[in-house]
Amino acid sequence: MAAMVGSGLSNQTGAAIGSLAFPVLGPVGVVAVRQYVAAIVLMAVGRPRPHTFTRQQWWPVLLLALVFAAMNLSLYSAIERIGLGLAVTLEFLGPLGIALAAARRRVDACCALIAAAGVVTLMRPRPSTDYLGMGLGLLAAVCWASYILLNRTVGSRIPGVQGSAAAAGLSALMFLPVGIVLAVEHPPTARAAAYALAAGVLSSAVPYLADLLTLRRVPAQTFGLFMSVNPVLAALVGRFVLGQNLGSAELAAIAAIVAANTLSILTSRT
């Protein structure tokens, strides 16, 4: 539980800090830096030996690399258009979907539905709704669900964090041409580069390692349900880092999400 909460808080803080670099680097530039940092840290820790991977080990690693890239790019593009809170809330429809699909106890299904209702309340459409931004958030949700399942598969087939490190390295290679073009055409300021680097550490390296270890100890559906507390963390980070306030409907929805997760965790121990 501590690892999951720490992972979520680190992720949301990094996303908020990374968004401060959008005016200079844009979402693509921030994501590129995130991928580089994640690759450096994870490859240093995991020390993968790709030449020893079998075909059965390689395919989930390749898929995970693609998911790394798509998940971060779609999320940060959504954050630029609709803000941190709504983008993160939409992204976590992915873990909620896993919780609903894999629920075996009635109480788990009820908790997932309560959490989903809270998420729907947070994303309710308004006259000024940015549907492209919401679509990007939903794409991030699909990628996040895939990330959960693939990370669990990689962790079960490849010892240590070698698989996750190899996937991060491949994902960084995909963004290498993008980073070169951006650096030449739009040289980043020192502050923007620092924001992007901080986002890479907080939103990539730390959560990836924590999630890989967590997914070896808890079922995917439990992880998916617990991760729905991230809208709460995003709301707190948005309030204190970005100055974004919440209304009564948003607070009620967040309370429902917290209650659903708490009930599920408490009943799983009894």
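The values are calculated or read from the model by the stated rules, or taken from the named source; none is laboratory data. What you see is a predicted model; the values in this text were computed from it and never measured. For neighbour counting, all protein chains shown are included, and Cβ atoms are generated from backbone atoms with ideal geometry for every residue, glycine included. Surface areas here come from the heavy atoms of the whole protein model, side chains and all, with no ligands, DNA or RNA. Shrake-Rupley method; radii C 1.70, N 1.55, O 1.52, S 1.80 Å.
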Which numbered condition trips up A70, out of (1) open to solvent by less than 20 Å² (accessible area, probe 1.4 Å); (2) of a type outside the set (V, I, T); (3) within 13 Å of the chain's Cα centre (by Cα)?
(1)
Of (1) touching a Pro at 6+ places or on another chain (Cβ under 7 Å); (2) open to solvent by less than 70 Å² (accessible area, probe 1.4 Å); (3) among the charged types (D, E, K, R), E80 satisfies all except one. Which?
(2)
Among the helices (runs of 4 or more DSSP H) confined wholly to segment 148-241, which include 3 or more residues that are under 19 Å from Q12 (Cα atoms)?
190-200, 206-214, 220-226, 230-241
Cβ-Cβ distance below 6 Å, separation of 6 or more or different chains: which pairs start in segment 84-99 with a residue that is more than 11 Å from V120 (Cα to Cα) and of a type in the set (G, A, S) and end on one that is modelled with pLDDT under 75 and buried (at least 24 other Cβ atoms within 10 Å of the Cβ)?
A99/G224; A99/L225
Going by the structure shown, is S248 among the hydroxyl-bearing types (S, T, Y) and free of Cβ contacts under 8 Å to residues at least 60 places away in the same chain?
yes
So R157, is it farther than 30 Å from L25 by Cα and touching a Pro at 6+ places or on another chain (Cβ under 8 Å):
yes
For the subset of segment 174-212 comprising residues that are hydroxyl-bearing (S, T, Y) and modelled with pLDDT under 90, which member is nearest to Q162 (Cα to Cα)?
Y208
With respect to I17, is the statement that it is open to solvent by 60 Å² or more (accessible area, probe 1.4 Å), part of a helix (DSSP H, G or I) and β-branched (V, I, T) true?
no
Can you name every residue in segment 223-260 that is at pLDDT 70 or above, among the polar types (S, T, N, Q) and under 18 Å from the mean Cα position of the chain (by Cα)?
N230
Which of the following residues is over 18 Å from the mean Cα position of the chain (by Cα), buried (at least 20 other Cβ atoms within 10 Å of the Cβ) and among the small types (G, A, S): G94, G118, G169?
G118
Selection within segment 177-187 - touching a residue at least 40 places away in the same chain (Cβ under 8 Å) and open to solvent by 60 Å² or more (accessible area, probe 1.4 Å):
H186
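Listed here are the residues, each with its yes/no results for (1) closer than 14 Å to F175 by Cα; (2) surrounded by fewer than 20 Cβ atoms within 10 Å (Cβ to Cβ); (3) at pLDDT 90 or above.
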residue	(1), (2), (3)
A3	no, yes, no
G8	no, no, no
N11	no, no, no
P27	yes, no, yes
V30	yes, no, yes
A38	yes, no, no
